[in-house]
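Have a look at the structure below before the remarks.
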Amino acid sequence: MSYIVKKDFSRELEYRLRDKLTATQIDSVLCELTEQMADYDVEHTGGQKGEKDFDDILKLFAEAKMVEGRSKKTIEHYLYVINSFRKTDSTPIDKLSVYNLRQFLSKEKDRGISDTTLKADREVLSAFFGWVTREGILSHNPMDNLNPIKYRKEIKVPYSDVDLEKLKEACDNDRDKALVAFLGSTGCRISEVCGLNRDDIDFQNMECTVLGKGNKERTVYIDPVCALQLQKYFASRKDNSPALFAGRQTERMTPHGIRERLNKIAGIAHVEHVHPHRFRRTLATKLLNHGMPIQEVKTLLGHEKLDTTMAYVYVDKVNVKNSYRRYM
């Protein structure tokens, strides 16, 4: 019997019984019904089963991720990858095997998709089919025999002190100076910066609270130079917008707007590979090089796993060599 048909039937029955039975009585009826339905195969007559079931399962998966606190952007990415796979393979979900998934990834690679992207796509498919299996929709996980994808890890170098100075000097207004200083001081994600308001900044304690991934709050800190630049920027503003950083017509700056502005600053400063996330890597590397415990850096950046923080850190070979000489 279709898992989705069971779910739909149970939900409809529960809805119809709400005005007739108590919650306890409804639970008893549904539990008994579930046991009885296990031995029967029921088919929904309202349309074709295979494709409808997949779409409904995907909807339930998205709802589950939303309840878990995944961001809208993350869920949209999940759905994009899964739908990309579905467009190339219409095999009923209960007939899928590792060969279907391997063929999809192989075609993607033939299209010129990088191994890094393939690895990320595999992780999305693994999350989806792992959830489907745990929910009992499938009796086996078609991802079980699909090995992880190896990829070449690129060394992502942080900004040098000279790069940061060039960027600061290339700013021609108080807002841009404050923006560069804030990104460098806090290591905030671009979405977090866009969500902040002016009154979120606590100048007395030199800190502010941001809402990060998964709607989790954390405290980030500003240094004296950043505080000075923010105060100068606030004093120069004539608008009434609550936004920490305002764009044209006093509207709150968007991630696209910030990236666009940083690109212009980078062009003036002649600094390559300028983007908001690189400020996070720079801050993480700087703090660790100055002796801050990595667990504390992890908390500051809002990472769930220590491995994520480690991936942010650039280890200078000169520092490794000096440490080796010191300890040997």
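Some notes on this structure:
- Rounded FRET efficiency, nearest 0.05, which uses the C-beta distance separating Glu68 from Asp172 and R0 of 35 Å: 0.20
- Distances between every pair of Cα atoms in region 91-158, grouped in 5 Å steps from 0 to the bin holding the largest one, split as 3, 16, 24, 23, 15, 10, 5, 3, 1, 0 percent.
- Ile294 versus Thr91: modelled label distance in nm, points set 7 Å from Cα along the beta carbon direction: 4.0
- Taking region 161-324 and dividing mean pair separation by its residue count, relative contact order in percent (alpha carbons under 8 Å, at least six apart): 26
- The amide H of Ser71, built 1.01 Å from its N in the peptide plane, has Gly214 as neighbours under 5 Å, considering only residues 5 or more places off or on other chains.
- Charge dipole magnitude, Cβ of K and R +1, D and E -1 - region 148-281, Cα centre, debye nearest 20: 620
- Annotation: extensible slack from His277 through Thr22 equals 86.5 nm (criterion: 0.36 nm per residue apart, minus Cα-Cα distance).
- Estimated inter-spin distance, Asp239 and Thr209, nm [label 7 Å along Cα→Cβ]: 2.6
- Potential lengthening between Lys109 and Asp200 on full extension [0.36 nm per residue; Cα-Cα distance subtracted]: 28.2 nm
- Remark: spin-label model distance Ile149-Gln249 equals 4.1 nm, labels positioned 7 Å along the Cα→Cβ axis.
- Over 25 Å between alpha carbons, listed pairs Lys177/Lys216; Lys213/Lys238; Lys150/Lys305; Lys73/Lys286; Lys87/Lys109; Lys73/Lys238: Lys177/Lys216; Lys213/Lys238; Lys73/Lys286; Lys73/Lys238
Readers should treat all values here as calculations from the given coordinates under stated rules, not as data from a laboratory. These numbers were taken from a predicted model, which means no experiment stands behind them. Cβ: placed from backbone, ideal geometry, glycine included. Neighbour counts: every protein chain shown.
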